[in-house]
1. Within the stretch 10-31, how many residues are without any contact (Cβ under 8 Å) to a residue 60 or more places away in the chain and surrounded by fewer than 16 Cβ atoms within 10 Å (Cβ to Cβ)?
2. Just to be sure, is GLY89 within 16 Å of ligand 1 (Cβ to nearest atom) and under 15 Å from the mean Cα position of the chain (by Cα)?
3. Against the definition (surrounded by 14 or more Cβ atoms within 10 Å (Cβ to Cβ), over 23 Å from THR62 (Cα atoms) and β-branched (Val, Ile, Thr)), how does VAL87 come out, yes or no?
4. Tell me, yes or no, whether the stretch 94-114 has at least one residue that is in contact with a Phe, Trp or Tyr (Cβ under 9 Å, 6 or more places away or on another chain), modelled with pLDDT of 95 or more, among the polar types (S, T, N, Q) and within 14 Å of ligand 2 (Cβ to nearest atom).
5. Here are the criteria: (1) assigned to a loop (DSSP other than H, G, I, E, B); (2) modelled with pLDDT of 95 or more; (3) away from ligand 1 (no atom under 11 Å from the Cβ). Tell me which single one ILE137 does not satisfy.
6. Looking at the stretch 107-126, I want the residues that are over 20 Å from CYS66 (Cβ atoms) and have a partner that is polar (S, T, N, Q) with Cβ atoms under 8 Å, at least 6 apart or on another chain. Which pairs are those?
7. When you check ARG102 against the structure, is it closer than 28 Å to ARG42 by Cβ, touching a helix residue (DSSP H, G or I) at 6+ places or on another chain (Cβ under 6 Å) and either surrounded by fewer than 18 Cβ atoms within 10 Å (Cβ to Cβ) or of a type in the set (D, E, K, R) (or both), yes or no?
8. Here are LYS14, LYS43: which of them is more than 14 Å from the chain's Cα centre (by Cα) and more than 16 Å from ligand 1 (Cβ to nearest atom)?
Amino acid sequence: MEITLAIIKPDAYKNGDSGKIIDRIISEGFSINGMKQIHLSRKEAEGFYEVHRERPFFDELTSFMCSGECIVLSLERENAVLKWREVIGATNPEEAEQGTIRAQFGTNTGSNAVHGSDSSDNGRLESNYFFAQKDLI
Ligand code: ADP
Ligand code: MG
């Protein structure tokens, strides 16, 4: 079994799409090992997206991520990382396949509704960024 981290980002949270996204997570066969509502501080957002620090969109991204509440979820499933990225679709919702979460609930590359880890190692690291072992089922 593999771990991936999902985040329901502030745009989807504000739009009231959290319930529908959580429903999709469950119906796609993920176990939700940890789940919490958070409002990221700028420091937490910058720490989470540290790998993107030198990118031109870093300020926009971290400002957006601390602009409102999020829901973070530690998910477990066979091939969790790839499967979740399949379910969420491409980074730019306009390029995401029909039926994917980003196509359904995202607006543009900045406001794209959800996060997904990009590798098995990062799935674990990102889950550990938000959850202590004792908080995971
Ligand atoms: P993904 O979330 O699909 O793994 P990346 O890791 O490349 O995508 O980027 C992280 C996040 O940064 C994206 O989900 C998106 O919200 C934001 N982002 C990426 N590229 C841009 C861009 N060109 N302009 C604004 N925001 C961006
Ligand atoms: Mg990424």
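The values are calculated or read from the model by the stated rules, or taken from the named source; none is laboratory data. Here the structure is a predicted model, which means the values were calculated and not measured. Here Cβ is always computed from backbone atoms with ideal geometry, including for glycine, and neighbour counts include all displayed protein chains.
1. Residues that pass the stated criteria total 8.
2. Details: within 16 Å of ligand 1 (Cβ to nearest atom): yes; under 15 Å from the mean Cα position of the chain (by Cα): yes.
Yes.
3. On the way: surrounded by 14 or more Cβ atoms within 10 Å (Cβ to Cβ): yes; over 23 Å from THR62 (Cα atoms): yes; β-branched (Val, Ile, Thr): yes.
Here the answer is yes, as VAL87 does meet what is asked.
4. Yes - at least one qualifying residue is present in the stretch 94-114.
5. (2)
6. GLY123/THR4; GLY123/SER117
7. Yes: the conditions hold for ARG102.
8. Selected residue: LYS43, the only one of LYS14, LYS43 that is more than 14 Å from the chain's Cα centre (by Cα) and more than 16 Å from ligand 1 (Cβ to nearest atom).
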